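This report refers to the structure that appears directly beneath it.
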Amino acid sequence: MSYAANSRNSPEEGIILKGTGYGLRMIFSEDPPEEELFSSLRRLSAEVPVLSGNLGVVLDFQGRPLTRAFILRLLSEFVWPGNIRVLSWICLDGETMNNLRSMGAATGEPVPERTGRGEKSASGSLILHRSLRSGQRVEHDGDILIIGHVNDGAEVFASGSICVWGRLKGTAHAGLDGGEEHTVVAGLFEAAQVRLGSKVSASLGSGMEWWGKPVIITCENNSLIVRELQL
Amino acid sequence: MGKTTTTSNIAVALARGGHRVVAVDADIGLRNLDVIMGLENRVVYNFIDVLEGTCRLHQALVRDKRVENLFLLPAAQTRTKDAVNSAQMEELCAMLRKEFDFILLDSPAGIESGFRNAAVGADEAIVIATPEVSSVRDADRIIGLLESMGKTPIRLVINRLRPNLVRQGDMLEVSDVLDILAIDLLGIVPEDDSVVKASNRGEPLTFTDTSPASKAFQRIALRIAGEDVPFPKFDEDRSSGFFAALRKFFGRTE
């Protein structure tokens, strides 16, 4: 990572910047008082313009418990005005993590991306107004929306998410480049296998309660979760 | 799933309906249409001989003496699928178009060159599938390839339907097959022992009018010729079983 050479290591300011596979990691020391951290942040924002670029930033507070007021101040004084793209909030304190999750913030270690996120959104979505028959295959760098069925023996591969308006009986692989934050949505799910990122479903069958129903499939806590889609 | 049998039966039914018909065996190296039509001992030349200039088209055509206007154009048994190319098949079909009302090309199994050569000269396509999951998947693959070749319309014949198995839930229903394949239905042929007997005797069923499969093939031929023929329900197994006994008891006959 090229930013590793520019990384600052100044523990006296209470914040360490590290270049990582997914972007920058800001490690906040546990000891310095709140005010000192904010003045360090203001200095960093001015000195490190890359912070407000497209680069993702992980905020790692180690063992420091954060109050809701502190999180809000961090957002309003640093993240929002600096246009910082926060990939994830990391803290060892359970209460803080609960607070962050309840606020809808991303938590947990981010997965390094194999292609840039910007490239993916630039390639856009592919919308197919037809069904895919057995032996037909669609591959797209981005999201795929199929207004039709995906028959048994057809294959859909997307680096983003996959949405099948009709019946999904063939193979769908979303998050082809390893991103597991994507979803597979099907209007009627009858597929023997589904793949998301590096996860492959095991032993799907007509015995499942959501078989033949609309479903949404996500990856949570390292497992594939299938839920009946209720709109 | 019954391509050659279906070809022979439709060819006979169309010829009996007064049309000038040729059945072309496009399965080079594994020819069977001559045997099923009962014309194997009259084959002298084949269509590869025609394409290579060994003989003229009329020398290779085998006329069926049992019905007016029915001809067979056999395949070579001693060659392979690579003996012809797409351009030659188109040339052959162009020659036949001048002479016949209907040209039925019996395609070999598979999706390789043999299938493509058989399909390339055709205007329309008929896909034969049995109501089984594996057959429907294969038919779906074939339909996808035919669509990509621009063949239209592509119509479906559901072969060897067993109504009693469908009722027990052990066989796909016609509506299930149509739902998956999403093409027009040309006909439904019920399972019928007389099909096997007729194939072995070399007498296509449609020479007679008696068996259920024969009637089904005749309806298919009429639809190909442009007539609007309704689809009957195949519930003939009502002669046995509890409900049939009840119906008899109450004096209802269907």
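Each reported figure results from applying straightforward, stated rules to the coordinates on display, with no laboratory input. This structure is a prediction, so every number in the text was calculated from the model and none was measured. Reconstructed Cβ throughout: ideal geometry from the backbone, glycine too, with neighbour counts over all protein chains shown.
What's the ranking of A:208-214, A:175-181, A:158-164 by average number of surrounding C-beta atoms within 10 Å, highest first?
Peptide ranking by packing, descending: A:158-164, A:175-181, A:208-214.
Using Cα pairs under 8 angstrom and six or more residues apart, how large is the relative contact order of segment B:3-249, in percent? Let's see the in-between values first.
On the way: 419 pairs, mean separation 51.9, N = 247.
21 percent.
If I stretch the segment between A:D93 and A:Q62 completely, what's the gain in nm (0.36 nm per residue apart, minus their alpha carbon distance), one decimal?
Between A:D93 and A:Q62, full extension yields 10.4 nm more.
Run the helix sum for chain B: -39,500 (n - 2.57) per DSSP H stretch of 4+ residues, divided by residue count, reported at 222 nm to the nearest 500 deg cm²/dmol.
After summing the helix terms and dividing by the residues of chain B, the value is -12000 deg cm²/dmol.
Taking a cut-off of 12 Å between Cα atoms, list the aspartates and glutamates near A:K213, but don't count ones fewer than 8 places away on the same chain.
A:E190, A:E228
As an exercise, use a Förster radius of 45 Å and the Cβ-Cβ distance of A:R73 and B:D179 to find the FRET efficiency, rounded to the nearest 0.05.
0.20
Could you tell me the distance between the Cα centroids of segment A:144-178 and segment B:89-113, to the nearest Å?
Computed from Cα coordinates, the inter-centre distance equals 37 Å.
For every helix of n ≥ 4 consecutive DSSP H residues, a contribution of -39,500 (n - 2.57) applies; sum these over chain A, divide by its total residues, and give [θ] at 222 nm rounded to the nearest 500 deg cm²/dmol.
So the helix-based figure for chain A works out to -4500 deg cm²/dmol.
Enter the mean number of other protein chain beta carbons within 10 Å of the beta carbon of each residue in A:147-155, as an integer.
Mean partner-chain Cβ count within 10 Å for A:147-155: 3.
When only Cα pairs under 8 Å and 6 or more residues apart are kept, what is the percent relative contact order across chain A? It would help to have the intermediate numbers written out before the result.
Numbers: 512 pairs, mean separation 21.8, N = 231.
Value for chain A: 9 percent.
Among B:L181, B:L165, B:L57, whose mean-square fluctuation peaks in a Gaussian network model of chain B (Cα, cutoff 10 Å)?
For chain B, modelled as a Gaussian network with Cα springs under 10 Å, the answer is B:L165.
So how far apart, in nm, are the two label points at A:S203 and A:E155 if each is 7 Å from Cα heading toward Cβ?
My value for the distance between the label points is 2.6 nm.
In whole Hz, with x marking every Gly and Pro, tabulate ³J(HN,Hα) for segment B:91-105 from phi via Karplus 6.51 cos²θ - 1.76 cosθ + 1.60, θ = phi - 60°.
Couplings: 4, 4, 5, 5, 5, 6, 4, 5, 9, 10, 7, 10, 10, 9, 9 Hz.
With contacts defined as alpha carbon pairs under 8 Å and 6 or more residues apart, what's the relative contact order of segment A:157-231 in percent?
RCO, segment A:157-231: 26 percent.
Taking each residue of B:136-148 in turn, how many C-beta atoms of other protein chains fall within 10 Å of its C-beta, and what is the average?
Rounded to a whole number, the mean comes out at 5.
Could you let me know the centre-to-centre spacing of segment A:203-231 and segment A:23-44, using Cα atoms, in angstrom?
Cα centroid of segment A:203-231 versus Cα centroid of segment A:23-44: 42 Å apart.
Please give the FRET efficiency for B:T54 paired with B:N85, using the beta carbon to beta carbon distance and R0 = 25 Å, rounded to the nearest 0.05.
0.90
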